[in-house]
Amino acid sequence: MSKTMAAKTAAAPAKKAPKPKAEPAAVATLEAPHTSASRFADRFAPPTPPTRAMNSTVIESPRTMAKADPKLANAWKTKAGTELTDAEVLAMPEAEYMNAKQLEFFRAKLNELKDGVLSNAGETTEHLREDTSIVPDPADRATIEEEHALELRTRDRERKLLKKIMQSLARLDSGEYGYCDETGEPIGLGRLIARPTATLSLEAQQRRELKQKMFGD
């Protein structure tokens with residue numbers, strides 16, 4: 001090798017070491033959807049059901065709450081049936097269903113309901129006696145006639161209710177009150193308190209209404 005070439009070779013700078021290659025972009029591309037999906041799942045995942053300690057508050061039925069109070073549960077032992085409240089009747093033991101005091105309680109309820117219906121009927125009769133012919137204004141006379149028609153419809157409903165009340169009082173005398181006409185099972189105190197003239201259990205009533213919808217009256 002000549003001296004000139006040797007000098008050029010010695011003067012040439014040394015080559016830099018190659019930089020390490022970066023990781024392939026495909027890896028980051030593959031990880032991104034996974035991370036996004038995880039965040040989506042975390043965001044819209046159903047909430048974790050509360051533990052027993054967190055969900056300690058339990059909604060109880062009025063009958064259960066009444067039984068929990070010893071004063072209510074034992075009130076029927078010292079009171080007459082007509083003096084019992086709805087809560088005290090609900091708190092009575094199931095073994096006492098339709099005992100003498102409960103029958104007395106529901107008889108008083110039915111008689112009170114009957115008196116209310118008869119009182120309303122008397123008021124309706126007085127209203128219907130009003131002579132619309134003495135009202136000179138046709139608009140006022142039409143309004144009064146419409147009110148009379150409404151009261152007649154109300155009176156018809158009350159007449160049907162009064163019939164059911166009398167039938168329920170007869171069932172009290174015969175010992176059939178409180179039991180379903182179709183199944184013979186107890187109707188239940190809660191349903192009877194809400195509807196003293198009920199003759200069907202809730203399940204039997206629902207079946208009857210379903211049949212009426214399917215096959216008509």
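The values are calculated or read from the model by the stated rules, or taken from the named source; none is laboratory data. Fair warning: this is a prediction, and the values are worked out from it, not measured in the lab. Here Cβ is always computed from backbone atoms with ideal geometry, including for glycine, and neighbour counts include all displayed protein chains.
Of LEU192, LEU150, LEU172, all but one fail to be loosely packed, with under 13 Cβ neighbours inside 10 Å and of a type in the set (A, V, I, L, M, F, W, C); the exception is LEU150. From the list LEU210, LEU200, the lone residue that is of a type in the set (A, V, I, L, M, F, W, C), modelled with pLDDT of 85 or more, under 28 Å from the mean Cα position of the chain (by Cα) and exposed (fewer than 13 other Cβ atoms within 10 Å of the Cβ) is LEU210. Taking segment 183-198 as the range and being more than 20 Å from ASN99 (Cβ to Cβ) and in contact (Cβ under 8 Å) with a residue 24 or more places away in the chain as the test, only THR197 passes. Within the option set ARG43, ARG52, ARG63, being modelled with pLDDT under 75 and crowded, with 16+ Cβ neighbours inside 10 Å holds for one residue only, ARG63. Looking only at residues in segment 152-166 that are among the aliphatic types (A, V, I, L, M) and more than 30 Å from the chain's Cα centre (by Cα), the one that is modelled with the highest pLDDT is MET166. Taken over segment 112-151, the criterion of being among the small types (Gly, Ala, Ser), at pLDDT below 75 and under 30 Å from THR197 (Cα atoms) is satisfied by ALA121, GLY122. ALA108 falls short on exactly one of the conditions (1) over 20 Å from GLY175 (Cβ atoms); (2) at pLDDT 95 or above; (3) small (Gly, Ala, Ser), and that condition is (1). Look at segment 155-172: where a residue is farther than 15 Å from LYS109 by Cβ and a partner is among the aliphatic types (A, V, I, L, M), sitting 6+ places away or on another chain with Cβ atoms under 7 Å, you get ARG155/ALA121; GLU158/VAL117; GLU158/ALA121. Considering GLU147, GLU182, the condition of being of a type outside the set (Lys, Arg) and under 31 Å from the mean Cα position of the chain (by Cα) is satisfied by GLU182 alone.
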